[in-house]
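Undergrad: Please read through the structure below; I'll follow up with questions.
The values are calculated or read from the model by the stated rules, or taken from the named source; none is laboratory data. Quick caveat, the model's predicted, so the values are computed rather than measured. Using ideal geometry, Cβ is built from the backbone for each residue, glycine included, and neighbour counts are taken over all protein chains shown.
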Amino acid sequence: MQLISGNRTLDLSTPQVMGILNVTPDSFSDGGQFQFFEHAINQASQMVQQGAAIIDIGGESTRPGAEPVSLDEELSRTIPVIEKIANDLDVWISIDTSKAQVMKEAVAAGAHLINDVCALQEEGALEVAAQCKVPVCLMHMQGAPRSMQVSPSYEDVAKDITRFFMQRISACREAGIDKSQIILDPGFGFGKTLDHNYQLLQRLKQFSELGYPLLTGLSRKSMFGDWLGRTVEQRLAASLAGVLLCAQQGANIVRVHDVQETSDVLKVLKKTIES
């Protein structure tokens, strides 16, 4: 299994690491625009050195309760960073957005992949993604970031998400997006209770069996903090356990903050399988 974007090919026969680069005001402690930009570029460079195959750049927070940002603000945060990374680093670039215009301008600036927590359901997103002709990641989220953790409920969380995926895949295919360009993400922590998240983790193989590349993002999430009583800074061990469980059940891309540690875990897994 592989992804193709322009003249780039990403081998998914073994799990690949996607490093998180959130270029939002609350992601870095410095307040100056120049320092903010330089910090982002340095962080991207470090993640590539540590083993990231993809850098996922987001200019709008999707944490529970997050407020939306304007189109102009999101563009000003993301496009300069994408252009710089595309020019300086040999790495896949993903744009983490739900806005059609951001998708369009990000791909024009050098992004190779669209990662959308709304699964291309926002106005114009499906049409623009089809025009961009790059891989797209469809994530499941019940509700919206501001309200998604207010009493989420499912008849059967895995079956309900599978049904959602089938609907969005159909919409993508009808819009002209090739099957080979579709990635699925069950959306850990997005409109799910603690139990929902662990049920998904237990049944993840069901999604990998759908025949599409599978992306998972469990890094530092509250499903670990709430269960273990750990702050965000104390969730590394649990996050790595999550990565290992996902990789063993067919995840092709793991989206993480801690690239070096994750790369080490995946190298050990690969060596064990090959031995």
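Undergrad: Go through the range 96-126 and report how many residues are of a type in the set (A, V, I, L, M) and either out of contact with any strand residue (DSSP E or B) (no Cβ under 6 Å at 6 or more places or on another chain) or on the phi > 0 side of the Ramachandran plot (or both). Before the answer, list the steps.
TA: First pass over the range 96-126, keeping only residues of a type in the set (A, V, I, L, M): 100, 102-103, 106-109, 111, 113-114, 117, 119-120, 125-126.
In the following step, the residues that additionally are either out of contact with any strand residue (DSSP E or B) (no Cβ under 6 Å at 6 or more places or on another chain) or on the phi > 0 side of the Ramachandran plot (or both) were identified as 100, 102, 107-109, 119-120, 125-126.
Result for the range 96-126: 9.
Undergrad: Identify the single condition in (1) surrounded by fewer than 24 Cβ atoms within 10 Å (Cβ to Cβ); (2) touching a Gly at 6+ places or on another chain (Cβ under 9 Å) that ILE182 does not satisfy, given that it satisfies every other one.
TA: (2) is the only condition that ILE182 fails.
Undergrad: Restricting to the range 169-193, give me the number of residues that are under 20 Å from LYS133 (Cα atoms) and within 17 Å of the chain's Cα centre (by Cα).
TA: The total comes to 5.
Undergrad: Another question, then. Those residues that are outside any loop (DSSP other than H, G, I, E, B) and either under 16 Å from MET18 (Cβ atoms) or of a type in the set (A, V, I, L, M, F, W, C) (or both), I need them from the range 183-200; list them, please.
TA: We begin by selecting, within the range 183-200, every residue outside any loop (DSSP other than H, G, I, E, B); these are 183-185, 194-200.
Of everything in the range 183-200, those that are outside any loop (DSSP other than H, G, I, E, B) and either under 16 Å from MET18 (Cβ atoms) or of a type in the set (A, V, I, L, M, F, W, C) (or both) turn out to be ILE183, LEU184, ASP185, LEU194, LEU200.
Undergrad: Moving on to the next point. Which of the residues spanning the range 77-92 are assigned to a helix (DSSP H, G or I), out of contact with any Gly (no Cβ under 8 Å at 6 or more places or on another chain) and without any contact (Cβ under 8 Å) to a residue 60 or more places away in the chain? Give the steps one after another, and end with the answer.
TA: Step one: filter the range 77-92 for residues assigned to a helix (DSSP H, G or I), giving 77-88.
Next, only the ones that are out of contact with any Gly (no Cβ under 8 Å at 6 or more places or on another chain) stay: 79-81, 84, 88.
Within the range 77-92, ILE79, PRO80, LYS84, ASP88 qualify.
Undergrad: For ASP116, only one of the following conditions fails: (1) without any contact (Cβ under 8 Å) to a residue 40 or more places away in the chain; (2) buried (at least 22 other Cβ atoms within 10 Å of the Cβ); (3) over 23 Å from ILE82 (Cα atoms); (4) not β-branched (Val, Ile, Thr). What is its number?
TA: So the condition that ASP116 fails would be (3).
Undergrad: Can you give me the number of residues within the range 209-233 that are within 23 Å of THR162 (Cβ to Cβ) and modelled with pLDDT under 90?
TA: Residues that pass the stated criteria total 3.
Undergrad: Determine if the range 257-269 includes at least one residue that is at pLDDT below 90 and farther than 26 Å from HIS112 by Cβ.
TA: Residues of the range 257-269 at pLDDT below 90: none.
No, the range 257-269 contains no residue that is at pLDDT below 90 and farther than 26 Å from HIS112 by Cβ.
Undergrad: Here are some residues: GLU127, GLU123. Which one is at pLDDT below 95 and under 27 Å from ILE79 (Cβ atoms)? Break it down into steps so the answer makes sense when it comes.
TA: Details: GLU127 fails: at pLDDT below 95.
Of GLU127, GLU123, the one residue that is at pLDDT below 95 and under 27 Å from ILE79 (Cβ atoms) is GLU123.
Undergrad: Return only the number of the condition from (1) at pLDDT 80 or above; (2) part of a loop (DSSP other than H, G, I, E, B) that SER45 does not satisfy.
TA: Looking at each condition in turn, SER45 falls short on (2).
Undergrad: Here is a further query. For the range 227-268, give me the residue count where each residue is among the basic types (Lys, Arg) and either under 20 Å from SER208 (Cβ atoms) or not in a loop (DSSP other than H, G, I, E, B) (or both).
TA: At the first step, the residues of the range 227-268 found to be among the basic types (Lys, Arg) are 230, 235, 255, 267.
Still in the list and also either under 20 Å from SER208 (Cβ atoms) or not in a loop (DSSP other than H, G, I, E, B) (or both): 255, 267.
Going through the range 227-268 one residue at a time, the tally reaches 2.
Undergrad: Against the definition (closer than 23 Å to GLN16 by Cβ, modelled with pLDDT of 95 or more and surrounded by fewer than 19 Cβ atoms within 10 Å (Cβ to Cβ)), how does GLY176 come out, yes or no? Give the derivation first.
TA: Numbers: closer than 23 Å to GLN16 by Cβ: no; modelled with pLDDT of 95 or more: yes; surrounded by fewer than 19 Cβ atoms within 10 Å (Cβ to Cβ): yes.
No; evaluated as a whole, the condition is false for this residue.
Undergrad: Based on this model, can you work out whether ILE20 counts as of a type in the set (A, V, I, L, M, F, W, C), within 28 Å of LEU266 (Cα to Cα), modelled with pLDDT under 95 and part of a helix (DSSP H, G or I)?
TA: Values: of a type in the set (A, V, I, L, M, F, W, C): yes; within 28 Å of LEU266 (Cα to Cα): yes; modelled with pLDDT under 95: yes; part of a helix (DSSP H, G or I): no.
When the stated conditions are applied, ILE20 does not pass them.
Undergrad: Scanning the range 102-144 for residues that are touching a Gly at 6+ places or on another chain (Cβ under 8 Å) and part of a loop (DSSP other than H, G, I, E, B), which turns out nearest to ILE177 (Cα to Cα)?
TA: VAL134
Undergrad: Another question, if that's okay. Given (1) touching a residue at least 40 places away in the same chain (Cβ under 8 Å); (2) exposed (fewer than 15 other Cβ atoms within 10 Å of the Cβ); (3) over 25 Å from LEU113 (Cβ atoms); (4) among the charged types (D, E, K, R), identify the lone condition not met by LYS159.
TA: It is condition (1) that LYS159 fails.
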